[in-house]
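Please read the structure below before turning to the comments.
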Amino acid sequence: MNIDKIFIASDHAGFELKEEIKAFLKTLNFDAIDLGTNDAVTSVDYPDFANLMAKNICQAEEYGILICGTGIGISIAANRHKNLRCALCHDTYTATMAREHNNANVLCFGARTTNSEDGKQMVKTFFSTEFAGGRHARRVDKLSCCEAKNDL
């Protein structure tokens, strides 16, 4: 994959893991663009960071990482935006399938459900896996069709 930058954001529950993943992205030579939040103490709302991700990812070829407590809320919020295909992943297998079969452009996981090493392995896997295309492209195209009909 040809990736220049990766946007990364979290709520307060995901802040510490976000900081570790951001540092890890730099070791992989990615330009990590931090969209916040900026501490683990101040309570914030995860939809605000999914919305901020959507404002920054304007094309299908741009990528991001979202982290909240479980990953559930922020992934639901992210998938309400037509330019995001956010996959809540739990291991390297789901990270591979998210890219290979679903052409996901945003990786999501939970700070309370994912340890640092597993998160790093998912990041490495996600951003090194190509979309398989073929029959999967037809299915991903149908997602875009739904977006247009619902005017998301």
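The values are calculated or read from the model by the stated rules, or taken from the named source; none is laboratory data. Bear in mind that the values here come from a model prediction, so they are computed numbers and not experimental data. We place every Cβ from the backbone using ideal geometry, glycine too, and count neighbours over all the protein chains shown. Areas reflect the complete protein model, heavy atoms only, side chains present, ligands, DNA and RNA absent. Shrake-Rupley method; radii C 1.70, N 1.55, O 1.52, S 1.80 Å.
Counting only lysines at least 8 places from Lys142 when in the same chain, those with an alpha carbon closer than 23 Å to its own are Lys55, Lys82. The heavy atoms of Tyr46 offer some 90 square angstrom of accessible surface to a 1.4 angstrom probe.
Would you please classify the overall shape of the range 61-147 from the alpha carbon gyration tensor, given that a ≥ b ≥ c denote the square roots of the eigenvalues, rounded means a/c under 1.5, and beyond that prolate means a/b larger than b/c while oblate covers the rest? It is oblate, given that a/c is not under 1.5 and a/b is not larger than b/c. The GluC sites (Glu not before Pro) found in the range 42-137 that occupy coil by DSSP, while having at most 12 further C-beta atoms within 10 Å, are Glu61, Glu130.
Between Gln59 and His90, residue separation times 0.36 nm minus the direct Cα-Cα distance comes to 8.6 nm. Scaling against 2.2 N^0.38 Å puts the C-alpha radius of gyration of the chain at 0.96. Taking a spot 7 Å from the Cα of Ala137 along the direction of its beta carbon, which residues of the range 40-62 have an amide N less than 17 Å from it? The answer is 60-61. The value obtained for the range 1-81, namely the Cα convex hull volume divided by the number of residues, is 84 Å³ per residue. Exposed loop sites, defined as trypsin sites (Lys or Arg not before Pro) outside DSSP H, G, I, E and B with at most 16 other Cβ atoms within 10 Å, are absent from the longest region of the chain, namely 1-79. Simple spin-label estimate for Glu16 and Asn38 gives 2.1 nm between the two label positions (7 Å along the Cα-to-Cβ direction from each Cα).
When shorter helices are ignored and each DSSP H run of at least 4 residues is given -39500 (n - 2.57), the per-residue value for the chain at 222 nm works out to -13500 deg cm²/dmol.
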